Amino acid sequence: MAQQRVNVHIPSHPPVLDSVKLRDIQLPLPSAPDPWHRPEKAQPCTASLKLSYSSAVAAAIADDVSLSLDYGKLYRRLEEDIRHMGQRGEAPGQRMISVEGSRREEMLRKELGQDVRLTAGIVASCGLGLLDETAAGVRRMSHVHQGIRRSSGSGGQSGPANFNFSPPRTSSSPIESVYGECEVWLHLPKALLRADEGLKYRSVTVWGYKQGDDGVSGEADESERRPVVLEEEFRIDGIRCYCILGVNSHERVEKQAVIISLEFKGPGQLPWGSTVVDTYQAMTRAVAERVEGTSFQTVEALATYVARIVTVEFSNERVTVKVEKPSALAFVERSGVEITRSQAFFERLELDGGRA
């Protein structure tokens with residue numbers, strides 16, 4: 001059940017938007033989804049993040065590291081926050097909302113680390129928090145530099161290497177925290193027994209402000225601001241099955257390997273995401289076991305069969321299914337098809353008397 005909605009305003013992209021990236025962080029989780037359903041078991045995780053802000057122009061012009069985001073500090077803080085997840089401070093799920101202003105209460109009832117959305121929320125909160133801290137520090141330094149320039153300018157002297165920095169007119173301060181965006185990727189390679197590549201998750205989180213503020217500025221009250229999850233994506237790759245598949249006579253004799261991938265994406269912090277989180281382990285097992293008992297002639301028919309299981313039987317709104325055959329063509333690594341189907345598609349099919 002979603003909490004009472006909050007009307008939020010998301011600032012538009014600034015004229016200059018730059019990013020800091022950390023890629024493939026080895027981030028052991030003290031607790032995470034376990035393929036054997038054991039609670040509070042540590043799991044490996046690879047994380048990446050892209051923190052976008054306005055902007056790195058000042059740091060580039062002045063060639064001054066104090067005007068930039070410290071990605072070393074970002075890594076250290078992230079590692080510490082994950083190591084102590086759930087032990088201090090407010091849980092990220094308490095503040096995360098959708099574009100519609102709703103919050104997923106069911107996330108907060110899960111055991112520590114069992115909802116990948118909350119883990120991504122810790123990463124996003126860490127990035128956006130460092131952006132705030134850096135912007136505040138740069139503003140303080142900017143005031144100091146301006147005071148020094150005014151006092152030195154009154155003497156009417158200038159040295160041979162007078163590089164007094166003046167921030168570009170496109171921004172009132174070198175780094176601003178009004179607009180902040182953090183894109184997070186998580187990969188839990190051991191989260192699923194029947195998927196060789198485990199579970200992958202991606203989210204995009206931005207600062208949103210309660211409606212009614214008279215203009216959003218860098219001095220906005222932090223209590224009026226919430227992390228808004230714009231979009232989410234779940235991927236389950238590498239579900240390896242063996243079944244009869246194909247029209248050629250030799251393909252009807254012996255089972256061959258097929259590799260299935262499932263993708264779910266949509267706006268963040270909405271019910272569809274909770275359905276994926278609640279069903280993906282049982283759903284992956286069901287797909288793997290039931291595909292091995294099939295005997296289709298076309299890859300399209302097998303992909304549609306999988307989509308029906310995922311949407312109709314496990315109540316997921318929409319899924320993109322990719323089915324590939326590694327052995328179909330001698331000089332092609334994999335060949336296959338990709339389809340997107342929804343619950344509504346199969347409901348209409350039933351009403352029309354069709355079968356897929």
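The values are calculated or read from the model by the stated rules, or taken from the named source; none is laboratory data. Since the model is a prediction, treat every value here as computed from it, not as a measurement. Counting neighbours? That spans all protein chains shown, and the Cβs are built from the backbone with ideal geometry, glycine included. These area figures cover heavy atoms from the full protein model, side chains too; ligands, DNA and RNA do not enter into them. Shrake-Rupley method; radii C 1.70, N 1.55, O 1.52, S 1.80 Å.
Looking at E183, is it open to solvent by less than 30 Å² (accessible area, probe 1.4 Å) and either in contact with a Ser or Thr (Cβ under 9 Å, 6 or more places away or on another chain) or at positive phi (or both)?
So E183 passes the test.
Does the range 263-275 contain at least one residue that is without any contact (Cβ under 8 Å) to a residue 12 or more places away in the chain and open to solvent by 30 Å² or more (accessible area, probe 1.4 Å)?
Initial filter on the range 263-275 (without any contact (Cβ under 8 Å) to a residue 12 or more places away in the chain): none.
Taking every residue of the range 263-275 in turn, none turns out to be without any contact (Cβ under 8 Å) to a residue 12 or more places away in the chain and open to solvent by 30 Å² or more (accessible area, probe 1.4 Å).
Does A303 meet the test of being open to solvent by less than 40 Å² (accessible area, probe 1.4 Å) and farther than 22 Å from E232 by Cα? Judged against the criteria, A303 is a match. Residues in the range 238-262 that are open to solvent by less than 20 Å² (accessible area, probe 1.4 Å) and closer than 27 Å to R202 by Cα: G238, I239, C241, V258, I259, I260, S261, L262. Would a scan of the range 239-247 turn up a residue that is over 15 Å from T320 (Cβ atoms), in contact (Cβ under 8 Å) with a residue 60 or more places away in the chain and touching a Phe, Trp or Tyr at 6+ places or on another chain (Cβ under 6 Å)? Among the residues of the range 239-247, at least one is over 15 Å from T320 (Cβ atoms), in contact (Cβ under 8 Å) with a residue 60 or more places away in the chain and touching a Phe, Trp or Tyr at 6+ places or on another chain (Cβ under 6 Å), which makes the answer yes. Of the residues making up the range 326-339, just one is surrounded by fewer than 13 Cβ atoms within 10 Å (Cβ to Cβ) and touching a Ser or Thr at 6+ places or on another chain (Cβ under 7 Å), namely L329. Looking only at the range 91-98, decide whether some residue is touching a strand residue (DSSP E or B) at 6+ places or on another chain (Cβ under 8 Å), among the polar types (S, T, N, Q) and closer than 27 Å to V277 by Cα. Yes, that holds for at least one residue. Among all positions in the range 25-48, there is no residue which is within 20 Å of L130 (Cβ to Cβ) and of a type in the set (D, E, K, R).
Report, by residue number, each residue of the range 37-54 that is touching a residue at least 24 places away in the same chain (Cβ under 8 Å) and over 22 Å from the mean Cα position of the chain (by Cα). Hits for the range 37-54 are H37, P39, E40. Condition check: in a loop (DSSP other than H, G, I, E, B), buried (at least 16 other Cβ atoms within 10 Å of the Cβ) and either modelled with pLDDT of 90 or more or touching a helix residue (DSSP H, G or I) at 6+ places or on another chain (Cβ under 9 Å) (or both). Does G113 satisfy that? Yes, satisfied. In the set M107, M85, only one residue is under 29 Å from L192 (Cα atoms), touching a residue at least 12 places away in the same chain (Cβ under 8 Å), open to solvent by less than 60 Å² (accessible area, probe 1.4 Å) and part of a loop (DSSP other than H, G, I, E, B); that residue is M85.
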